[in-house]
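The structure under discussion appears below in the form of structure tokens.
Computed from the coordinates by the stated procedures, all read-outs in this text should not be read as laboratory data. Fair warning: this is a prediction, and the values are worked out from it, not measured in the lab. Virtual Cβ from ideal backbone geometry, glycine too; neighbours counted across all protein chains shown.
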Amino acid sequence: MILFVASKKDIAAMNIAEKLVKRHGFKKTEETFSGNPVFSKALDNRTVKIVYIDQDSVNTQELSLPSPLSLLVFLSRHKSLSGTPTLSVHTPGNLGNAELGGLPRTVSISPASAMKEALKAMKEAQVEKGLEYEVSYECTHHGPSLNVPTMFVELGSSEKQWQDQVAAEAVAEGALAAAAANTVDHAVLGVGGPHYNMKFTRKALETETAFGHIIPKYAVSKLDTEILTECITKTLEPVKKAVLDWKGITGADKSRLLSLLAEVGLEVEKI
């Protein structure tokens, strides 16, 4: 089963969920989840359900999840100081301290194939609908830290965008593409660059490469073999290569990073 989760505290999440229900055939069931109605749809012989929660999505570490669960997709707002209109995707989890939900130095399982398909679908929708939005991967950050394949599809980066019905539909299409994704054999770990990595985004859109966890420049100095192994083993697909945003890594960190990657057995590609 695949679960889409929308927080009732999140305007964007509720708008995205509404698009799924009204435009993509999700039907109300007799089930409830956390006291809220459940909507369901069959998609390519997979059962996909929309559930609603009362807390913010980042604070769902103790959420009671149904089993078995093949994919968990949080429908979510995205917020940034710049307010740049953005459609984004990422895996949750903490590379360091747990400052916004989740567990310290613990990441969720990254569904690289599903994230790639969501990214592609949102890019296609952005072009088709003429949306003046950026489409991007984000790095791995914030809670929850879960032992199921988990991803966020996000609409941002301010209240104006959270209320944008056309952009909400684009994110809904991204969520559906994630749910329909098949596993690929080209998953990689991304390292370096900014929080929103456009080099990695372009590579995923233009090649077969699918990024799982992405470690940004500001976290590279704190890396060790333990957290690298955490990111590798907690990717749904096999990871044999690290793709490095080479100019987006501080010179003082480069040699140490290459040594760590060799120690955990990853090939290296610099872009």
Which of Gly101, Gly83, Gly190 moves the most in a Gaussian network model of the chain with Cα springs under 10 Å?
Gly83
What is the distance, in nm, between label points placed 7 Å from the Cα along the Cα-to-Cβ direction at Glu269 and at Asp185?
1.5
Given charges at Cβ of Lys, Arg, Asp, Glu: segment 2-270 dipole, positive-most of Phe33, Gly265, Phe211
Phe211
Any idea which of Thr233, Ile50, Gly96 is furthest toward the positive side of the dipole for the chain, if Lys and Arg beta-carbons carry +1 and Asp and Glu beta-carbons -1?
Ile50
Within segment 82-108, whose backbone N sits under 14 Å from a point 7 Å along Cα→Cβ of Gln55?
100-103
Size of charge dipole - segment 2-270 - debye, nearest 20, with Cβ of Lys, Arg +1 and Asp, Glu -1, no other charges
200
Under a straight-distance cross-link criterion of Cα-Cα below 15 Å, which aspartates and glutamates are reachable from Lys123, leaving out those fewer than 8 residues away in the same chain?
Glu132, Glu134, Glu138, Glu154, Glu169, Glu173, Glu206
Candidates Ala13, Ala172, Ala125; GNM for the chain (alpha-carbon contacts under 10 Å) flags as most fluctuating Ala125
Setting aside same-chain residues fewer than 8 positions from Lys254, which aspartates and glutamates have a Cα under 17 Å from its Cα?
Asp224, Asp245, Glu263, Glu267, Glu269
Report the longest stretch of the chain that contains none of the GluC sites (Glu not before Pro) sitting in a DSSP loop with at most 15 other Cβ atoms within 10 Å.
133-207
Taking the chain as a Gaussian network, Cα atoms linked when under 10 Å apart, which of Ser110, Ser259, Ser158 shows the biggest mean-square fluctuation?
Ser259
Using a Förster distance of 22 Å, the FRET efficiency for Leu43-Lys8 (Cβ separation, nearest 0.05):
0.40
Magnitude of the charge dipole, segment 139-218, Cβ model with Lys/Arg +1 and Asp/Glu -1, debye to 20
360
Checked against a 23 Å limit on the C-alpha separation, the offending pairs among Lys19/Lys41; Lys129/Lys234; Lys27/Lys129 are Lys129/Lys234; Lys27/Lys129
In order through segment 8-25: 3J(HN,Hα) via Karplus (6.51 cos²θ - 1.76 cosθ + 1.60), integer Hz, x for Gly, Pro:
5, 7, 10, 4, 5, 4, 5, 5, 5, 4, 4, 5, 5, 6, 7, 10, 10, x
Restricting to bridges with both residues inside the chain, how much of the DSSP beta-bridge set is antiparallel, in percent to the nearest 5?
30
Reachable lysines, given that their alpha-carbon falls under 24 Å from the alpha-carbon of Lys247 and they are not under 8 places away in the same chain:
Lys116, Lys199, Lys203, Lys217, Lys222, Lys270
Given that compact globular proteins tend to follow 2.2 N^0.38 Å, what is the ratio of the alpha-carbon Rg of the chain to that value?
0.95
For the chain, what does the helix formula give at 222 nm: sum of -39500 (n - 2.57) over DSSP H segments with n ≥ 4, over the residue count, nearest 500 deg cm²/dmol?
-9500 deg cm²/dmol
If the chain between Leu81 and Glu128 were fully extended at 0.36 nm per residue, the gain over the current Cα-Cα distance would be 14.2 nm
